[in-house]
1. Quick one: which residues, 5 or more positions from V120 or on another chain, have an amide H under 5 Å from its amide H? H modelled 1.01 Å from N in the peptide plane, none for Pro or chain starts.
2. How far is the Cα center of the stretch 203-222 from the Cα center of the stretch 41-56, in Å?
3. Counting only heavy atoms of protein chains, what accessible area per residue, in Å², does the chain have with a probe of 1.4 Å?
4. Express the relative contact order of the chain as a whole percentage, based on alpha carbon pairs under 8 Å and six or more residues apart in sequence.
5. Which aspartates and glutamates have a Cα lying under 12 Å from the Cα of K216, excluding residues fewer than 8 positions away in the same chain?
6. Each residue of the stretch 209-221 in turn: what ³J(HN,Hα) in whole Hz from Karplus with 6.51, -1.76, 1.60 and θ = phi - 60°, glycine and Pro shown as x?
7. Return the aspartates and glutamates within reach of K51: Cα separation strictly under 12 angstrom, same-chain partners fewer than 8 residues apart disregarded; answer none if there are no such residues.
8. Long-range amide H contacts for Q137: which residues qualify at under 5 Å (H placed 1.01 Å from N, peptide plane, sequence gap of 5 or more or a different chain)?
Amino acid sequence: MPNRTALITGVTGQDGSYLAELLVQKGYRVYGLIRRLSSPNVTHLSIIRDKIEIIDGDLMDQTSLNEAVRCTSPDEVYNLAAQSFVGISFGQPVLTGEVTGLGALRLLEAVKSHAPQARVYQASSSEMFGHVDREPQDESTPFHPRSPYGVAKVYAYWACVNYREAYSMFVSNGILFNHESPRRGLEFVTRKISDGVARIALGKAQTLSLGNVDAKRDWGYAPEYVELIWRTLQHSTPGDFVGATGESHSVREFTGEAFRVAGIEDWSKYVVIDSKFNRPSEVYNLRGDSSKAARELGWTAKTKFKELAQIMVEADLKRLSQQGS
Ligand code: NAP
Ligand code: G4F
């Protein structure tokens, strides 16, 4: 296959950086869209910084998206950029709607005008299922979002389906359940726990404050999920695919497992429950069924709960030990 060109939004984030590494490995010419910040935020790109090209742009700004698509002429466009933290979406609902919802529409418009043959991947989310009435959730499960973030992702999802139907564009949604890694932002619960536990084990912190520890999620390992993202755009036809492990575990279980990895069995004395981390409306339990992705894309999640906790805690123990006090 001749070299292909990919444009990735959200390239500085967890998934964007892993996807850029995968595509570089596969011989793609990779463009990463980066918004202007007062201090550049390219830590996750250190391995491949000289192997990808950076394009300035912002999902809030139609002109920059038009220009990014026009000048890169991509074969594949991966929209991974978003205001992606559910918790903050309650305090910044309009910004979240603008970036996470309308931002996807702006990108679709740019592709429709400047590269209509390009294949588009939209980072949809299990948060769209929200208040679920069945388990496990698959591509036919109704949406009932429980946060401004979830609402914005539902908007973006349907915009993608609409551009597929209205303009015959190749647009696919990956409805991915939570996936984590040592590159996960520190505000998300698994990383907050792995970092917090490592600090306690190393004597750098005394306690770890958490919200609703009874919430349950289907947690997978991010580097495996970017393989699914890529496979979604290699399929013969566009469509919507769930990515999940099929297992659900509580925040409490993840906390216990993380402490166990760090060699601390009696961990309850270190954890403080603080209601400030509770959300106005919570998603209590998510568990996905990705048999469509297994059947049509040949993808299954390999890394499960205990191994994931181990990878994350060991990475934080190593990072924090190297930092000294
Ligand atoms: P992440 O680490 O938070 O990365 C988000 C990316 O979006 C960052 O590169 C960020 O850039 C960029 N971004 C934010 N606002 C932007 C704007 N206005 N214009 C351009 N770029 C902007 O998220 P992730 O975990 O990698 O997730 C990737 C995508 O998958 C997101 O859309 C997320 O909502 C979705 N998703 C994630 C999961 C999961 O479990 N990880 C599950 C389902 C769906 P800065 O570095 O400049 O902030
Ligand atoms: O780690 P979280 O913040 O992730 P959440 O809300 O599930 O969203 C993540 O996964 C979605 C896929 O379903 C993505 F679309 C989204 O972009 C993001 O990547 O919270 C997980 C659970 C929640 O129920 C939360 O209430 O953990 C609970 N939790 C309990 N204590 C906490 C805390 N969450 C955070 N962030 N911090 C806590 O102290």
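1. Here V77, F170, V171, S172 satisfy the definition.
2. 29 Å
3. 44 Å²
4. 17 percent
5. Cα-Cα hits under 12 Å: E247, E253, E282.
6. 9, 10, x, 7, 7, 8, 4, 10, 9, 9, 9, x, 9
7. Cross-link targets: E21.
8. R287, G288, D289
The values are calculated or read from the model by the stated rules, or taken from the named source; none is laboratory data. Everything quoted here is computed from the prediction, not taken from an experiment. Reconstructed Cβ throughout: ideal geometry from the backbone, glycine too, with neighbour counts over all protein chains shown. Accessible surface areas use protein heavy atoms only, side chains included; no ligands, DNA or RNA. Shrake-Rupley method; radii C 1.70, N 1.55, O 1.52, S 1.80 Å.
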